[in-house]
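Below: the structure, in structure tokens.
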Amino acid sequence: MPTSQYASSFGRLQAISLNLLSKEAMLNLMKAKDEGEMVKVLESTWYKPEIEKAASIFKESELLEVALNRHLVLVNKIALESTPFNGKSAVRAYLSKWDIYNIELILSAKSMGRPITEIESFLVSSRNVPAGISAGNIPHDEMKVILSQTGVDGVVNQLVKYNYGTILMQHLETYQKTGDLGPMMSALQTFYYQNLLESLKFFQGDEGTIRDLFRAEIDKKNLLNLLKAKESNLDKDLLNKHLIDNGKMTKTELLEIYGAKDVTEIVGRVENRFMLVNALAQYKKSKSLIDFEVALDKLINSEYVRKLKNIALSV
């Protein structure tokens, strides 16, 4: 059977999934009054070893972020090692999202002139588990070289060997003129999703649902960009530079939706794809676009978790 090679992989990862945070743990985290209490809640979970290792150096919110990042690296490593050979390229393409995350973090820090010491520990990588194995293609030591560059230009040049630099180079002149990293960030996201979708094409013949999931993620990112731009009353041409290709909603469609007079009207125009009425009501009270991000995540997860449970074992 074509999916039998994934049976043992599924069993190993399913065993690991038993350690995922329970609903009770999530509720306790929500009830926590501060980061210190959140740390205490997580110390009783599988995050405990990384929290203990980082506790001597970091405190509270920084401790949480560092510990969670390092734990994520370990889980990614297990996931990649568990994947059968013919599925590893697709999983590596997915895990390269952490390369993108790290590059965006470094570019933002360099743009603001922040020192290496403030950002190195927050990269999704660690000395004993290189990002090249567990979170993408760039090893930890190479990340340190990239971090040592004096500015955005140096970072871009250092990344050319990993293809990311070639993508970024196309937008370097715009950054030098405007100081806007947006086009670079958008280009990285477009490159990531294009590579990911290509890696899943004709893989085993049953990846349609997974591809749809990632295209829905692109729609989410683009829609959030629309909402942010409308809230800030940005020009349509500027917004266009921040949109990501390959979503279910085309750029032309998104820019047409952006013609709406306000956030409320944008929500109305996308209700056939995303029902955000409740999030809109919450937004009107909080004035925070995070309400839409949370709602979009819930809608996408609830739809695709159900679908993925019903397909044959695959990548």
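Rule-based calculations on the coordinates, nothing more; no lab input. A quick note: this is a predicted structure, and the numbers were derived from the prediction, not measured. Glycine also receives a Cβ, built like all others from the backbone with ideal geometry; neighbour counts cover every protein chain displayed.
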Query raised in the report: If you bin the C-alpha pair distances of the chain every 10 Å from 0, what whole percents do you get?
Result: 5, 21, 31, 31, 11, 0
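Mean residue ellipticity at 222 nm from the helices of the chain, using -39,500 (n - 2.57) per DSSP H segment of n ≥ 4 over the full residue count, to the nearest 500 deg cm²/dmol? Display every interim value, and only then the final one.
Numbers: 19 runs with 207 residues, N = 315.
Value at 222 nm, helices only, nearest 500: -20000 deg cm²/dmol.
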**Report entry** Loop-resident sites, region 248-315, for GluC sites (Glu not before Pro), counting at most 13 other Cβ within 10 Å (DSSP)
**Finding:** GLU271
Query raised in the report: How about region 187-284: which chymotrypsin sites (Phe, Trp or Tyr not before Pro) there lie in a loop by DSSP and see at most 15 other Cβ atoms within 10 Å?
Result: PHE202
